[in-house]
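To start, the structure under review is shown below, and the notes come after it.
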Amino acid sequence: MSVLDPLDFQPMLITDFFELHAGSGLPKEQSGAVPYIAASFQNNGVVGYVDQAKYPGGWLSFVKDGDGGAGTCFYQPAPFWPSNHVYGLEPRDVQPSASALLVMAAIITHQCFPKYNRGNAATAARLSRQNIMVPAITHADGTIEADWDGMDRLGAELLDRVLSHTHTALARLTRLTTTPSRS
């Protein structure tokens, strides 16, 4: 049975568990210590580097507008600088694990990427009304909170699957490319 099976998905506002922080423009370089995150749907949003960080690692980045990347969300494991087309999403109240944040980034992207674009930017006002379906815990008094532990377990299970498939594929590739020795 998958960790996914017992999870209870409920609609919640993105701003229930993340505080939005605006990015700002900064001249990017080809090298530097800090990833510069911009309106991109690939490479974790990294389009260059800068010398200083605006936000710490352990946050998400969310592309609010731009060509092709609007609605894309990435986990940022290291300190980063977001462009003016990107929000930094700071976890509220708890510091979720990297696995849980990876799951949350995938959930947000899946549900927001089709909705936002250059003509329909993800403004702070729109995101404050943006419901997404997330694993949640419903308490006896009816209050609902994000199930970060469930997302952590799901993220760990998915990572294990990816690693297992990767090792299997590499083993097959090695067998296919290895020339049999002649005795």
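The values are calculated or read from the model by the stated rules, or taken from the named source; none is laboratory data. Bear in mind that the values here come from a model prediction, so they are computed numbers and not experimental data. Don't worry about glycine lacking a Cβ; one is built from the backbone with ideal geometry, like all the others, and counts go over all protein chains shown. When the accessible area is computed, the model is the full protein with side chains, heavy atoms only, and any ligands, DNA or RNA have been set aside. Shrake-Rupley method; radii C 1.70, N 1.55, O 1.52, S 1.80 Å.
Some points to look at:
- The candidates Ser128, Ser61, arranged from most to least accessible area with a 1.4 Å probe in the full protein assembly, appear as Ser128, Ser61.
- Measuring r between the beta carbons of Ser2 and Lys115 and using R0 = 30 Å, the FRET efficiency lands at 0.65.
- Charge dipole magnitude, Cβ of K and R +1, D and E -1 - region 46-183, Cα centre, debye nearest 20: 680 debye
- For the chain, adding -39500 (n - 2.57) for each run of n ≥ 4 DSSP H residues and dividing by the number of residues yields -9000 deg cm²/dmol at 222 nm.
- Between the C-alpha center of region 1-75 and that of region 157-178 there is a gap of 29 Å.
- In the assembled protein chains, Val94 presents an accessible area of approximately 70 Å² (probe radius 1.4 Å).
- Theoretical gain in end-to-end length, Ser164 to Phe9 [0.36 nm per residue, Cα-Cα removed]: 53.1 nm
- Of [x] -0.35; [y] -0.41; [z] -0.47, the label for log10 I(q)/I(0) by the Debye sum over Cα atoms at q = 0.10 Å⁻¹ derived from the coordinates: [z]
- Residues whose amide H lies under 5 Å from that of Gly66, counting only those 5 or more places away or on a different chain, are Arg118; hydrogens are built 1.01 Å from N in the peptide plane.
- Cross-link reach is defined here as a Cα-Cα straight distance under 18 Å, omitting same-chain residues fewer than 8 places apart; for Lys28 the lysines meeting it are Lys54.
- FRET efficiency for Glu157 and Ser128, using Cβ-Cβ distance with R0 set to 22 Å, rounded to 0.05: 0.10
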